[in-house]
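Trainee: Starting off with a structure, shown below.
The values are calculated or read from the model by the stated rules, or taken from the named source; none is laboratory data. These numbers were taken from a predicted model, which means no experiment stands behind them. In this analysis, Cβ positions are derived from the backbone assuming ideal geometry, glycine residues included, and neighbour counts consider all displayed protein chains.
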Amino acid sequence: MDIPIDHPAFVRNPLIVRPAGFFGGVKLLQKNWEVKGKRGRFEVRDDGGRARVVELKPKLLDPLPSFSIDGEAIQLGRPLAWYEYAWMGLPIALATVGGALGGALGVGAAYTSARIFRSGRSGVAKYALTGLISISAVALFLTVAMAIELARS
């Protein structure tokens, strides 16, 4: 899900943000070429050839980073509501009972849910899919925990 940046200084040399995935961080592209940066700071050239500093900062559980050009904040998408964070964060409760395994499954399920909340699906579909993901994370945790316990005995 690439996000084109609508900015008057980047009409001929457009910027695109590629949100973080499971195995890779957020990427900045200009004219479909990946821009190399350090610690979320990138130097790009605008249409006039002027150097601009772009900053991408990750947000907790949200695949969309905060984005700014020369300190000017640009909204990449609507902010997630508190109840969306609460709903997608439910599987993280597995960490309290399941230690590292529960935490890993819970965070993975929450991150997957965040990507679904950022998709173009209907509200009902988003909540249904993320609910299934949470239930699946619990079922997978119970299955793996039982298999580990059986292997011990």
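Trainee: Under the condition of being at pLDDT below 90 and of a type in the set (S, T, Y), which residue from the range 79-111 is farthest from R18 (Cα to Cα)?
Mentor: That would be T96.
Trainee: Which one is surrounded by the fewest Cβ atoms within 10 Å (Cβ to Cβ) among residues in the range 101-130 that are touching a residue at least 40 places away in the same chain (Cβ under 8 Å) and more than 12 Å from the chain's Cα centre (by Cα)?
Mentor: Among those residues, the one meeting the criterion is L101.
Trainee: With the condition kept exactly as written, say whether any residue in the range 83-93 is farther than 19 Å from D2 by Cα and loosely packed, with under 13 Cβ neighbours inside 10 Å.
Mentor: yes
Trainee: I need the full set of residues from the range 56-95 which are in a strand (DSSP E or B) and under 16 Å from the mean Cα position of the chain (by Cα), in order please. Explain how you work it out, then say what you get.
Mentor: Step one: of the range 56-95, the residues in a strand (DSSP E or B) are 56-59, 62-69, 72-74.
Passing the criteria: L56, K57, P58, K59, D62, P63, L64, P65, S66, F67.
Trainee: Would you pick out the residues in the range 114-153 that are of a type in the set (S, T, N, Q), part of a helix (DSSP H, G or I) and over 12 Å from E84 (Cα atoms)? Don't jump to the end; show me each part of the working.
Mentor: Going through the range 114-153, the residues of a type in the set (S, T, N, Q) turn out to be 119, 122, 130, 134, 136, 143, 153.
Applying the additional criterion that residues be part of a helix (DSSP H, G or I) yields 130, 134, 136, 143.
Those that are of a type in the set (S, T, N, Q), part of a helix (DSSP H, G or I) and over 12 Å from E84 (Cα atoms): S134, S136, T143.
Trainee: Restricting the search to the range 38-57, which residues are surrounded by 12 or more Cβ atoms within 10 Å (Cβ to Cβ) and under 21 Å from R12 (Cβ atoms)?
Mentor: Listed by number, the residues that qualify are F42, E43, V44, R45, D46, D47, R52, V53, V54.
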